Amino acid sequence: MLILGIESSTAQVGCAIGGHEGVLASVHSARGRRHAESLTPQIDFVRRQARIELSEISVVAVDIGPGLYTGLRVGVASAMAMAHALGVPMIGVASLDLLAFPVRFTNRVIVAALDARRGEVFHAFYRQVPGGVQRVTDYAVSSPDDLALDLASRNDECLLVGDGALRYIDHFAAVSKVEVVEQGLAHPNARSLVQLAHARALREEFVAPSDIRPLYLRQPDAEINWTKRASS
């Protein structure tokens, strides 16, 4: 079973191919908001690096968010089109799960926080379990100050990961028992997407392309701006 993973929920866009042998090839780039221009060449690149044909893909996995609306829409639409063309099922994985997975070996509470723009962060809390992490809160969006207050109210040591943590690091610096992870793990990555999707594929947790639903958590900025203009 070979899985193509597509990730585009933040300023970074990437894809990977892998299966029971692990991740065979991956590529990521961050070129502003040029996700649509980057994704197709990336898919062809990882296909060639993995030495496979697209017809060998059995599953298409995609980051369903939360994240930045335009990039997320590009990734989900591209993944759905690819799955339709290949006639294969899909697996959707949340971006915050992808952030937490690479730091799964810590005994601390993992807090994944993505920059949601507009002075807010998307976030969720996780704990280590055998083989990965388990989410222990709902996916949420709030101000960095509210998240910092939540962290301060807990007795647990926390590991804070994501570009939201880095952008608002001053809000978390004064919170005791909290460490912010460095830049290298600031974005969800397609390697983690393939790994998590493979585990779900073994459990046959597939969905049809038409059933994939992005996880936005709030209205797109364009709709928010339109509502404000209409009310004024």
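Okay, here's what the table says:
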| item | result |
| --- | --- |
| Residues of region 99-147 classified as farther than 12 Å from residue 168 by Cβ, over 17 Å from the mean Cα position of the chain (by Cα) and among the charged types (D, E, K, R), total | 3 |
| Test result for residue 78, in contact with a helix residue (DSSP H, G or I) (Cβ under 6 Å, 6 or more places away or on another chain), at negative phi and of a type in the set (Ser, Thr, Tyr) | yes |
| Whichever residue in region 101-150 is of a type in the set (Gly, Ala, Ser) and farther than 19 Å from residue 11 by Cβ and, among such residues, is surrounded by the fewest Cβ atoms within 10 Å (Cβ to Cβ) | 131 |
| From 125, 105, 101, residue being among the aromatic types (Phe, Trp, Tyr), more than 30 Å from residue 42 (Cβ to Cβ) and not assigned by TED's automatic domain parsing to the domain that holds residue 34 | 125 |
| Lone unmet requirement of (1) modelled with pLDDT under 90; (2) outside any helix (DSSP H, G or I) for residue 227 | (2) |
| Members of region 68-95 found to be free of Cβ contacts under 8 Å to residues at least 60 places away in the same chain and closer than 25 Å to residue 162 by Cβ, listed by number | 68, 70, 77 |
| Residue 69, sole failed condition from (1) closer than 27 Å to residue 120 by Cα; (2) of a type in the set (Phe, Trp, Tyr); (3) not assigned by TED's automatic domain parsing to the domain that holds residue 198 | (3) |
| Selection status of residue 29, of a type in the set (Ser, Thr, Tyr) and without any contact (Cβ under 8 Å) to a residue 40 or more places away in the chain | yes |
| Hits in region 39-68 - residues which are over 24 Å from residue 213 (Cβ atoms) and small (Gly, Ala, Ser) | 50, 55 |
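The values are calculated or read from the model by the stated rules, or taken from the named source; none is laboratory data. What you see is a predicted model; the values in this text were computed from it and never measured. No Cβ is skipped: glycine too gets one built from the backbone with ideal geometry, and neighbour counts run over all protein chains shown.
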